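Heads up, the thing below is written out as structure tokens.
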Amino acid sequence: MAFAELKDVRIHYEITGPDGAPVLMFSNSLGTDLSMWDGQAGEFAKKFRVLRYDKRGHGKSSAPPGPYTIEMLARDAIALLDLLKIDKVLFCGLSIGGQTGMWIGVNAPERLNKLVLSNTGAKIGTEDGWNKRIDAVNKGGTKSMAEAILERWFTFEFRASHAAEVTPVREVLERTDTGGYVACCAAVRDFDYRDAVKAIRAPTLVISGTHDPGAPPQDGRYLCEHIPGSRYVELNASHIANIEAREQFTAELGQFLGA
């Protein structure tokens, strides 16, 4: 277990794979931790140096008082790379992790070789929707919202037939620090890169889930239409597509990265 002591936050991370290989950095979604990438990490660690981390307020990372911003989360990722003396990465982020990647792509393009934006949008949801979720979690904690959130993360069919995959995700969500979760909700609420994404120049793969209510396919298609030269893939999944459609997700990611 490794920790990076950054300026105002302690970030938990894990790095595996051969020394000297290209670095593939995974960024987790809201309410999860680095374990969400278990289905990809082992496979890609055969050819890449795989770096996973818990964003601030999540997993084993610390949860400084919020609210947070996407810029803050992106600067955490860059500071982690600086500490590990990693100049450039292949970056794969899902949902809020994807928004983190967008910020880096626009503001620190020299740190990216390629960019994968999964189940995300340049603007996700509405201010009112996020404020209602923040109020609900502040009152009852993440555990009180777990069932409703899981219904948005996975299709009914997947939840009914893949308890072994869904249960650990539920457990991580229910353990997520309330303050950290709410602070990250505010970061997503306040992020709007609909105009900015056209400045991204890194080769980009956009992945959407056909049944994703949080970041629906139209959000992914918008990204693809506005990021020059990007490629769009739609999988038969809901929001956490890398778990629900693991084999297809891993195959598409591998093809894009040249694995």
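Every number here is computed from the coordinates shown, using simple stated rules; none is lab data. Quick caveat, the model's predicted, so the values are computed rather than measured. We place every Cβ from the backbone using ideal geometry, glycine too, and count neighbours over all the protein chains shown.
What is the order of 249, 44, fewest Cβ neighbours within 10 Å to most?
Values: 249 26, 44 23.
In order of increasing Cβ crowding within 10 Å: 44, 249.
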Subject >> Modelled FRET efficiency - R0 35 Å, residue 218 with residue 60, Cβ distances, 0.05 increments >> reply: 0.50
Original post:
Once a ≥ b ≥ c are taken as the square roots of the eigenvalues of the Cα gyration tensor of the chain, is the result rounded (a/c under 1.5), prolate (a/b larger than b/c) or oblate (a/b not larger than b/c)?
Top reply: rounded
Original post:
With each pseudo-label sitting 7 Å past Cα toward Cβ, what's the residue 190-residue 251 distance in nm, one decimal?
Top reply: 4.2
Original post:
In sequence order, what are the phi-derived ³J(HN,Hα) couplings for segment 194-199 according to the Karplus relation 6.51 cos²θ - 1.76 cosθ + 1.60 with θ = phi - 60°, rounded to whole Hz, with x for glycine and proline?
Top reply: 4, 8, 6, 4, 5, 7
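How would segment 1-144 be classified by its alpha-carbon gyration tensor: rounded, prolate or oblate, with rounded meaning a/c under 1.5 and the a/b versus b/c comparison settling the rest?
Numbers: a/c = 1.71, a/b = 1.57, b/c = 1.09.
It comes out prolate by the Cα gyration axes.
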Original post:
Amide H to amide H, which residues 5 or more places from residue 234 or on other chains are under 5 Å from it, using H placed in the peptide plane?
Top reply: 208
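Report the charge-dipole magnitude of the chain in Debye, nearest 20, computed about the Cα centre from +1 at each Lys and Arg Cβ and -1 at each Asp and Glu Cβ. Walk me through the numbers on the way to the answer.
Details: 30 positive and 33 negative charges, 85 e Å.
Dipole about the Cα centre, nearest 20: 400 debye.
Express as a percent, rounded to the nearest 5, the fraction of DSSP beta bridges in the chain (both residues included) that run antiparallel. Show your work: numbers first, answer last.
Numbers: 8 of 32 bridges.
Antiparallel bridges: around 25 percent, rounded to the nearest 5.
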Original post:
How long is the gain from residue 46 to residue 84 if the chain were fully straight, where each residue apart is worth 0.36 nm and the alpha carbon distance is subtracted?
Top reply: 11.7 nm
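Gain in length, residue 16 to residue 152, computed as 0.36 nm per residue apart minus the alpha-carbon separation, to one decimal in nm? Could the numbers behind the result be given before it?
Values: separation 136, 0.36 × 136 = 48.96 nm, distance 3.09 nm.
Taking residue 16 through residue 152 to full extension adds about 45.9 nm, to one decimal.
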Subject >> Nitroxide proxy distance, nm - points 7 Å out along Cα→Cβ at residue 3 and residue 131 >> reply: 3.7
Original post:
Which parts of segment 73-105 would a label at residue 201 reach, counting a residue when its backbone N lies under 18 Å from a point 7 Å out along Cα-to-Cβ?
Top reply: 88-91, 102-105
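Give me 61, 35, 27 ranked fewest to most by other Cβ atoms within 10 Å of their Cβ, as a rough exposure proxy.
Details: 61 24, 35 17, 27 30.
Ordered from fewest to most neighbouring Cβ atoms within 10 Å, 61, 35, 27 come out as 35, 61, 27.
When only Cα pairs under 8 Å and 6 or more residues apart are kept, what is the percent relative contact order across segment 2-254?
Values: 532 pairs, mean separation 54.8, N = 253.
Relative contact order for segment 2-254 comes out at 22 percent.
Cα-Cα over 29 Å: which of 88/132; 47/143; 60/114?
On the way: 88/132 38 Å; 47/143 38 Å; 60/114 27 Å.
Result: 88/132; 47/143 exceed 29 Å.
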Subject >> GNM top mover of 209, 20, 31 - the chain, alpha-carbon springs below 10 Å >> reply: 20
